[in-house]
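Okay, structure first, notes after.
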């Protein structure tokens with residue numbers, strides 16, 4: 001063992017930060033993208049789609065190199081498995097944002113104007129829950145005692161997004177002007193977006209176990 | 001010949017290196033925090049340093065328990081200890097070289113009729129019981145400090161990883177030093193009184209005493225054990241028995257190292273004496289039991305669940321079982337070596353109430369009430385004489401020892417033709433000249449020689465509170481006795 005390990009440690013800490021920045025950024029891009037979509041601003045929407053794809057690519061390559069580094073250099077051997085799992089789960093959240101954006105691009109669903117606000121609220125709750133998850137993950141690496149401060153917010157925003165999603169689905173199916181096929185398409189969209197928050201909560205649950213494992 | 005007889009000590013050293021090094025670096029290597037090679041190098045260096053610099057303290061206590069005075073005897077004592085360690089390890093008993101060597105020495109005492117110093121024995125046995133308890137207490141204290149430190153300074157996962165790595169390496173080095181200092185006595189202690197080496201001075205910068213040279217050889221044997229065999233043991237310790245997080249491992253190794261150091265440090269003992277506090281006895285203790293004590297300490301702090309009480313029961317029983325097996329083995333092997341291979345396993349010591357001895361005892365104002373009728377009698381065996389003295393209720397323990405020392409018969413003739421044999425590295429000019437003035441004189445007791453030399457020269461006088469001076473005088477006297485001892489003994 002020599003002092004190179006100190007340098008590697010600084011490097012890896014910074015790269016994990018960059019990776020979590022990517023996840024957080026993808027949430028913001030998703031929010032802006034959906035806003036543009038609802039406003040009918042196709043050009044702006046497509047720009048956000050392009051950005052989120054690029055962010056996802058960066059995130060993927062960062063995650064891969066982090067995994068390699070953790071294993072090749074036997075850093076944090078006792079929590080290595082947990083850290084890898086956390087990174088992979090965070091990467092899934094990133095993928096889901098990108099996936100949802102692409103789904104808008106592919107299907108171009110017609111969202112009735114009276115549902116725009118609820119849609120925006122749903123997206124906002126989902127992005128907030130992922131943001132809270134990103135903060136929890138950062139705390140896990142930097143100040144483990146602070147993880148719980150952020151983690152309860154993940155659950156809070158997940159519950160909020162559940163409420164909005166239920167309301168939206170009810171409104172969709174009680175709207176007599178829509179065809180059943182249209183209703184089903186809209187419901188799938190709502191569930192697809194809401195599931196991102198569910199996934200964030202699952203990651204948070206796992207993180208709480210990693211925290212217990214690391215508790216002294 | 002000495003090299004051959006010392007081989008059993010080296011074997012014991014090797015097995016100590018293979019087993020006990022894993023207590024120091026096992027968790028770190030097993031949990032992949034430190035490479036095996038790094039651990040082995042650090043461990044070897046610091047075991048050697050600890051043994052050579054601070055090894056004398058604990059070996060002195062073993063020497064008091066029983067002074068093995070013939071090379072073949074020392075061979076058997078070390079061999080019996082090594083063999084019982086091997087047997088017990090095979091039987092999956094938690095075993096300690098410290099306990100085995102104490103048993104083996106007692107076996108030698110029983111075989112040769114030498115008295116066992118019960119003061120030392122009580123001190124040693126008490127220390128064995130205290131060692132894991134103390135280790136548990138220290139582990140709890142260190143654990144609290146570490147937890148406070150980590151939460152206070154909000155250490156991130158990677159910073160904590162790095163600090164733990166360096167921490168493990170540092171306490172590992174300290175642990176190896178303490179292990180060398182405390183346990184080298186087990187490996188080489190019995191060979192110290194019969195060491196053929198003389199002190200080596202390195203251009204006056206520092207001197208390596210004969211004991212230190214022996215300790216160096218023993219420590220190298222330990223290092224060989226570390227390199228050749230400890231890797232497997234380390235993996236078992238790191239992954240199997242104690243599943244500890246690296247931070248907990250750091251706490252355990254720290255507590256273990258502190259305990260071993262406490263029971264080996266002469267400096268600390270002197271400091272406590274100076275402060276008027278009761279000194280810590282310098283006794284070889286078991287590093288495995290110190291580790292188990294520390295783990296249990298942390299377990300208790302976390303509520304006491306998941307502690308394997310059976311392991312603790314095993315430790316308690318090994319306090320009794322290992323020394324008994326080693327003693328029996330040592331006794332039987334000594335019998336064989338003496339009667340089948342006709343080797344001298346001990347130099348018999350006679351006791352005689354000579355007029356000089358009686359005068360010496362009376363000058364010290366010790367009453368001889370009850371043993372006057374024994375004047376002029378010879379006792380071929382220390383234990384019988386000791387028993388006889390024990391019947392005199394008037395005698396307190398200390399007087400008892402004084403009478404034993406005063407009556408020990410050791411006929412020394414300072415014959416001029418033996419002066420050429422003297423190694424002038426051990427007995428330098430200033431020590432030699434008063435001796436040469438006494439050419440032709442005959443002494444019946446060792447203390448007479450000491451008194452005569454002290455009367456002639458200031459260099460041969462003891463100084464108060466100077467332990468190293470006393471020790472080196474003792475070594476010189478022993479050497480002179482060896483040179484001038486006559487056949488009559």
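No lab work stands behind these numbers, since they all come straight from the coordinates. Keep in mind that what you see is a predicted model, and the values were worked out from it rather than measured. For neighbour counting, all protein chains shown are included, and Cβ atoms are generated from backbone atoms with ideal geometry for every residue, glycine included.
Computed quantities for the displayed model
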item: Tilt relative to chain B, helix B:210-236 - C-alpha long axis, 0 to 90 degrees, to 10; result: 30 degrees
item: Rel. contact order, % - alpha carbon contacts under 8 angstrom, at least six apart, region A:105-196; result: 34 percent
item: Extended-chain gain in nm, criterion 0.36 nm per residue less alpha-carbon gap, residue B:203 and residue B:271; result: 21.5 nm
item: Taking A:157, B:309 and counting other C-beta atoms within 10 Å, the order from fewest to most; result: B:309, A:157
item: Rounded FRET efficiency, nearest 0.05, which uses the C-beta distance separating residue B:232 from residue A:47 and R0 of 45 Å; result: 0.15
item: Cα gyration tensor of region B:1-158 - equivalent ellipsoid semi-axes, whole Å, descending; result: 35, 20, 14
item: Extension gain from residue A:187 to residue A:105, taking 0.36 nm per residue of separation minus the Cα-Cα distance; result: 27.8 nm
item: Calculated FRET value between residue B:38 and residue B:457, using beta carbons and R₀ = 60 Å, to 0.05; result: 0.70
item: Relative contact order of chain B, pairs being alpha-carbon contacts under 8 Å that are 6 or more residues apart, as %; result: 24 percent
item: DSSP beta bridges in the protein assembly as shown [antiparallel fraction, %, rounded to 5]; result: 100 percent
item: Distance between modelled label sites at residue B:400 and residue A:208, nm, 7 Å Cα→Cβ extension; result: 6.7 nm
item: Full-stretch length increase - residue B:2, residue B:310 - with 0.36 nm per residue and alpha-carbon distance subtracted; result: 106.6 nm
item: Centre separation in Å (Cα based) which lies between region A:21-98 and region B:111-144; result: 59 Å
item: Column: log10 I(q)/I(0), Debye, Cα scatterers of chain A, q = 0.16 Å⁻¹; result: -1.03
item: Crossing angle, helix B:309-339 versus chain B [Cα axis fit, 0-90 degrees, rounded to tens]; result: 30 degrees
item: On Cα atoms only, tilt of B:56-65 relative to the major axis of chain B in degrees; result: 60 degrees
item: For region B:161-224 and region A:125-140, distance of Cα centres in Å; result: 55 Å
item: Residues A:203, B:130, sorted so that the one with the fewest Cβ neighbours within 10 Å comes first; result: B:130, A:203
item: Fewest-first sequence of B:214, A:66 by Cβ atoms within 10 Å of each Cβ; result: A:66, B:214
item: P(r) of the protein assembly as shown over all Cα-Cα pairs, binned every 20 Å from zero, in whole percent; result: 15, 35, 23, 14, 9, 4, 0
item: Length-normalised contact order for region B:249-392 - Cα pairs under 8 Å, 6+ apart - percent; result: 15 percent
item: Distance from region B:25-43 to region A:172-200 (C-alpha centre basis), Å; result: 57 Å
item: FRET efficiency estimate (nearest 0.05) - Cβ-Cβ, residue A:120 to residue A:54, R0 25 angstrom; result: 0.55
